[in-house]
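Some notes on the structure that comes next.
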Protein chains: 2
Amino acid sequence: MTLLLPEKVRSAAREALLRSGVPPGHADIQVDLWLDADLRGIGSHGLLRLPRIVERIKQGLADPKTRGAQTWRGDSFLEVDGQMGLGPVIALGALEAIMDRARQTGVAIAAVGNAQHIGMLAWYAERVASAGQVAIVLSTSEALVHPWGGRQALVGTNPIAIGVPTGEAEPFVMDTATSVVSMGEIHDRANRGLPLEPGWALNAHGEATMDAEAAKAGAIAPFAGAKGYALGLAFELLVSTLTGAALGRDVRGTLDAEHVCNKGDVFIVIDRARAIGIANYLETIRNAVPAEGFDAVLIPGERGRALREKRRFEGVPIADPVWNQIQALAGASEHVQENIL
Amino acid sequence: MTLLLPEKVRSAAREALLRSGVPPGHADIQVDLWLDADLRGIGSHGLLRLPRIVERIKQGLADPKTRGAQTWRGDSFLEVDGQMGLGPVIALGALEAIMDRARQTGVAIAAVGNAQHIGMLAWYAERVASAGQVAIVLSTSEALVHPWGGRQALVGTNPIAIGVPTGEAEPFVMDTATSVVSMGEIHDRANRGLPLEPGWALNAHGEATMDAEAAKAGAIAPFAGAKGYALGLAFELLVSTLTGAALGRDVRGTLDAEHVCNKGDVFIVIDRARAIGIANYLETIRNAVPAEGFDAVLIPGERGRALREKRRFEGVPIADPVWNQIQALAGASEHVQENIL
């Protein structure tokens, strides 16, 4: 793990994308999203995703140049064919269109299909809420979660992010998968030889396991048991029916380099937020007496935001293999510079 | 507990409301909502709520006659001042307006403030999804849930319901609070002298307890720990900022008969659902091999729906004190009829 200044990472990652045929404006958006995840401590959605996207471009599974095709199907419903474009490029274009439209109509929705992985949802929700609007962001993924009472992964990790303006500079932003833990956490524990918590996962035979290695071939539990399963399944159906995304085990292409990406993404932007009393309410919660075993009562998203501020100055940790790959992909131009110096 | 034919319950409950000054059309809507909850086995949202509403009408805290004031703030944003009207009367009026509007614009939202408790959210989501549209319903409540890491109830139980058409007769409908259990369950266990599960609740001092009686004065845990807290808090902020609803411990009037009801409700209706592959996907889940300790893999909402069918013929259980109260409130007219016979 190397601690690197964000601008150094940004520059190398940008160069790696440019060399793969990504236009500069698109590279800026894509790298900003990944770097933001690493800055906030969500490494699973950070720059470790870069080599996979480069590989997908090489395989013809991702089109780095397209901005997608937007079609209004009603004044407040934007249908977006991502045309295999980069997730944040397609999604941000859609988001800006519906933020604009929601100012007029009060609410607007974008249903995005056929784009690459859109990454950490908080990045989008924060942008909307910082502009004084409310955001609901939903996305689907490969089936990694078992239905409550089932043995096999049949539902995506299907995250949700919500952003709400607070009337102050910093909006409220929460972002969570509907699984009890991420597959990234399972892989991390497997790599470090650590056990899982009870109730987190099943092995390939659908039996409860605390062995992280066994869980990698199995299924993660939904959060909150039956309730989280209901919510995750609802998001899977909602996103699919609006975007035409595949369902369950038919979803592919966010983790591999062999399949077209057929999950979906939905953005809802709501205008007319008043933000009265919200900052005070959040302050009441922050100042609440913590329970036994807790140091403080936290507001969702604020720990990640504080970490981001810290890492902007102190550097962001990037795993050595990831950093080496990025440098290799950014390749010749850096070496040339070094030779010049 | 008496097993009663639904139509007998409906008729008596309707009469009780009419005698409290509720117009017949409004009584039909309100009773249908409560009865649907009892039929589905959600007794906490059923007819046991009737005496409280009658009391609130008597106290001038609920206006049984108003249909609320609807104002379009943009083509797709309906602001509704509930004018202290009956929850389902105000909400259904709003819902029908935005279902209609969403057919044109693709999506429409209703932000409802100042209405009584709107009851079981599934009732609304089912109506929308049965009409081929997608529904997201959010509501807030009195602060009953502690923040993750906190000692005191500061967040509502803030439920969400989602309805999605399946392309078949029966839509997908899920409905859950963001608390690990309902306060109704806590009260039920207290009444029956049963302990709580570990992790469900804190007592009035913010200490973990399994004593249901102690938990009544304390706080319920959010579901899924930090994740459910984040989601419940997000719903509280989202609903408040759009409806002007109170926040946290300032929310009152859904459980008591002393305060104006100041929570809020948000309905989002989305058109353009395609429902391709959803019925097949749900069938795959239904047919999945259950895990150890489970008889079947269930689709959310289907157990309640099956129970409703059964109870429609076999009768619905209503607690004796509730049934006695309803009969007393329906009162004289029944007695007069008996005298005539």
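Quick check on my filter: what residues within segment A:43-55 are more than 16 Å from residue A:18 (Cβ to Cβ) and buried (at least 21 other Cβ atoms within 10 Å of the Cβ)?
A:45, A:46, A:49
I'm trying to understand the selection: among the residues of segment B:167-195, which are surrounded by 22 or more Cβ atoms within 10 Å (Cβ to Cβ) and part of a loop (DSSP other than H, G, I, E, B)?
B:171, B:177, B:178, B:180
Test residue A:292 against the stated conditions and say whether it is more than 10 Å from chain B (Cβ to nearest Cβ), over 23 Å from residue A:87 (Cα atoms) and surrounded by fewer than 18 Cβ atoms within 10 Å (Cβ to Cβ).
Criteria not met by residue A:292.
When only residues in segment A:213-228 that are within 8 Å of chain B (Cβ to nearest Cβ) and among the aliphatic types (A, V, I, L, M) count, which is surrounded by the most Cβ atoms within 10 Å (Cβ to Cβ)?
Top of the filtered list is A:224.
When you go through (1) more than 26 Å from residue A:29 (Cβ to Cβ); (2) facing another protein chain (nearest Cβ under 9 Å) one by one for residue A:153, which number turns out not to apply?
Only one criterion is unmet by residue A:153, namely (2).
Across segment B:196-207, which residue is surrounded by the fewest Cβ atoms within 10 Å (Cβ to Cβ) among those that are among the small types (Gly, Ala, Ser) and more than 26 Å from residue B:264 (Cα to Cα)?
For segment B:196-207, the residue satisfying everything is B:199.
Would segment A:135-142 turn up any residue that is over 22 Å from residue A:197 (Cβ atoms), in a strand (DSSP E or B) and away from every other protein chain (no Cβ under 12 Å)?
Yes.
Can you name the number of the only condition in (1) in contact with a Leu (Cβ under 9 Å, 6 or more places away or on another chain); (2) under 17 Å from residue B:43 (Cβ atoms); (3) surrounded by fewer than 18 Cβ atoms within 10 Å (Cβ to Cβ) that residue B:210 fails?
Only one criterion in (1) in contact with a Leu (Cβ under 9 Å, 6 or more places away or on another chain); (2) under 17 Å from residue B:43 (Cβ atoms); (3) surrounded by fewer than 18 Cβ atoms within 10 Å (Cβ to Cβ) is unmet by residue B:210, namely (2).
Do you know which of the residues in segment A:313-336 that are among the small types (Gly, Ala, Ser) and at pLDDT below 95 is nearest to residue A:48 (Cα to Cα)?
A:319
Given the conditions (1) more than 11 Å from every other protein chain (Cβ to nearest Cβ); (2) surrounded by 19 or more Cβ atoms within 10 Å (Cβ to Cβ); (3) not small (Gly, Ala, Ser), report the number of the one that residue A:317 does not fulfil.
If we test residue A:317 against (1) more than 11 Å from every other protein chain (Cβ to nearest Cβ); (2) surrounded by 19 or more Cβ atoms within 10 Å (Cβ to Cβ); (3) not small (Gly, Ala, Ser), just (2) comes out false.
Scan segment B:79-94 for residues that are out of contact with any Pro (no Cβ under 9 Å at 6 or more places or on another chain), surrounded by 24 or more Cβ atoms within 10 Å (Cβ to Cβ) and aliphatic (A, V, I, L, M) and report the count.
4
Which count do you get for residues in segment A:127-148 that are without any contact (Cβ under 8 Å) to a residue 60 or more places away in the chain and surrounded by fewer than 23 Cβ atoms within 10 Å (Cβ to Cβ)?
Of the residues in that region, 3 qualify.
The values are calculated or read from the model by the stated rules, or taken from the named source; none is laboratory data. Here the structure is a predicted model, which means the values were calculated and not measured. Cβ atoms come from the backbone with ideal geometry, glycine included; neighbour counts cover every protein chain shown.
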